Amino acid sequence: MRVLIGVTGSIAAYKAAEVVSLLVKAGAEVSVVMTQHASHLIGEATFRGLTGNEVRVDLFESGTKRPIHIEIATQHDVIAIVPATANVIGKIANGICDDLLTTVVLSSKVPLIVAPAMNEAMYLSTAVQENLAKLRQRGCHIVEPETGWLACGQEGKGRLASSEKIVEIIKEVVRRTLDLKGRKVVVSGGPTLEAIDAVRFISNRSSGKMAVSLAAEASSRGAETVLVTGPISVAYPCSVKVVEVETAQEMRTAILQEWQDVDCLIMAAAVCDFKPRQVFDGKLPRSRGLRLELEPNPDILAEISADKGRRVIVGFAVETEDEIERGKAKLAAKGLDYLMVNNPLAEGAAFGSDTNRGYLIDKHGKVEEIPLMTKRELARKILDKVAAQLSSID
Ligand code: CTP
């Protein structure tokens, strides 16, 4: 395990030494990058002594073949910022890179862990909370600070989490990093669009955010990932093959094309159940009136799960009442391994929201209540289960 610890200018900077020491004891190869501010609070020599490696501070340091930030960004399995100030959190959340640490973070593709430590008012400020929410949604792991005695002489939330907890999370994140390597995961997302005429269509309110989070998480864990998506306005994750479709029929065809070597299918798409029986050429004038006759679309999941084999299949369902009972019935009817059911009328689970909550049901009927969390956190939870099931099948 190769760990990069970023140390920033919080009074808790001295605690980073204990984190580094515990990691070295656990057999990790540890390097440290410090900000200029951190070097006012703790010496480079401490980290050099603990790790046996040079400590870097300066973005313009020479002596490496490639630019130093690229060199460092590609040499580690994980980056952990311990402690993280409001300043560094704000910078990385907004893509600002004006020193070595923030430039390394922006250049790196490995998982990022952020352990904030600051005064309570700063920590609870809207700016910091919004920046943390942004980072969480991008897949960054936030190690919540503790409540206790703070350096400003007050009790409150903002004290750096314990060294043991930070080290545990670093180990956990690394363990997870490549647990889907060699697997192929297909995620469907967004709404489908069913044409009425040349300009009008039937659709639904799906934003595609859940599918994008699932695809980003699967890809970050090493899976060859395909996102089959209806029209959405969320940016696609990089390192993911994207297949854009419009109709349910096109989505079915695209998924079937990938199907042979798929290890896991996650159907997060809100597939339109019906489509107009007839699509009019051109634009229908209003004066002609409109009576729509609909016919059913294929149930992609039900059809495809008949040929499930050893694949893991996950569905999503929206229910506005009796979520658990209806969810269990749907999971059985569609032959799924897991079904995430949510109620869009519940707070934080509305269409288009960055968060979700509800119930994750498995094929044995076990129901796990999912408290309010970001879609990326939910994606991580679902893929933990998928990875565990896939490795138990091997
Ligand atoms: N689904 C599908 N094909 C369809 C409709 C739904 O593959 N034509 C998938 C969705 O992607 C989702 C799961 O089935 O993963 C459940 O979707 P939902 O709309 O809740 O299921 P329906 O069978 O359409 O049930 P309902 O009558 O409640 O709409």
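The values are calculated or read from the model by the stated rules, or taken from the named source; none is laboratory data. This structure is a prediction, so every number in the text was calculated from the model and none was measured. In this analysis, Cβ positions are derived from the backbone assuming ideal geometry, glycine residues included, and neighbour counts consider all displayed protein chains. Surface areas here come from the heavy atoms of the whole protein model, side chains and all, with no ligands, DNA or RNA. Shrake-Rupley method; radii C 1.70, N 1.55, O 1.52, S 1.80 Å.
I'd like to check something: does the stretch 35-49 contain any residue that is over 20 Å from Ala13 (Cβ atoms), acidic (Asp, Glu) and open to solvent by 30 Å² or more (accessible area, probe 1.4 Å)?
No - not one qualifying residue is present in the stretch 35-49.
If you take the residues in the stretch 353-364 that are open to solvent by 30 Å² or more (accessible area, probe 1.4 Å) and in a loop (DSSP other than H, G, I, E, B), which one is modelled with the lowest pLDDT?
Out of the qualifying residues, it is Asp354.
Just to verify a result, which residue in the stretch 181-206, among those that are over 30 Å from Leu294 (Cβ atoms) and modelled with pLDDT of 95 or more, is farthest from the chain's Cα centre (by Cα)?
Here the residue is Gly182.
Name, by its number, the condition in (1) surrounded by fewer than 19 Cβ atoms within 10 Å (Cβ to Cβ); (2) within 29 Å of Ser353 (Cβ to Cβ) that does not hold for Lys275.
Unmet condition: (1).
Could you check, for the stretch 327-347, whether at least one of its residues is within 8 Å of the ligand (Cβ to nearest atom) and farther than 24 Å from Ala387 by Cα?
no
For the stretch 315-326, enumerate the residues that are within 9 Å of the ligand (Cβ to nearest atom) and either open to solvent by 40 Å² or more (accessible area, probe 1.4 Å) or under 12 Å from Leu360 (Cα atoms) (or both).
The answer is Gly315, Phe316, Ala317, Val318, Arg326.
Inside the stretch 93-103, can you point out the residues that are within 19 Å of the chain's Cα centre (by Cα) and open to solvent by 50 Å² or more (accessible area, probe 1.4 Å)?
Listed by number, the list holds a single entry, Asn94.
Can you pull out every residue in the stretch 299-314 that is surrounded by 14 or more Cβ atoms within 10 Å (Cβ to Cβ), in contact (Cβ under 8 Å) with a residue 40 or more places away in the chain and more than 16 Å from Lys184 (Cβ to Cβ)?
Ile300
Which of the residues that make up the stretch 208-229 are open to solvent by 10 Å² or more (accessible area, probe 1.4 Å), within 13 Å of the ligand (Cβ to nearest atom) and assigned to a loop (DSSP other than H, G, I, E, B)?
Of everything in the stretch 208-229, nothing turns out to be open to solvent by 10 Å² or more (accessible area, probe 1.4 Å), within 13 Å of the ligand (Cβ to nearest atom) and assigned to a loop (DSSP other than H, G, I, E, B).
Taking only the stretch 104-133 into account, find how many residues are charged (D, E, K, R) and either at pLDDT 95 or above or open to solvent by less than 70 Å² (accessible area, probe 1.4 Å) (or both).
2
Restricting attention to the stretch 252-280, and to residues there that are within 11 Å of the ligand (Cβ to nearest atom) and over 23 Å from the mean Cα position of the chain (by Cα), which single residue is nearest to Ala218 (Cα to Cα)?
Arg252
Could you check how many residues of the stretch 121-154 are of a type in the set (Phe, Trp, Tyr) and either part of a helix (DSSP H, G or I) or within 17 Å of Val82 (Cα to Cα) (or both)?
1
Can you tell me which residue is nearest to Leu4 (Cα to Cα) among those in the stretch 169-207 that are assigned to a helix (DSSP H, G or I), open to solvent by 20 Å² or more (accessible area, probe 1.4 Å) and of a type in the set (A, V, I, L, M)?
Among them, the one singled out is Val174.
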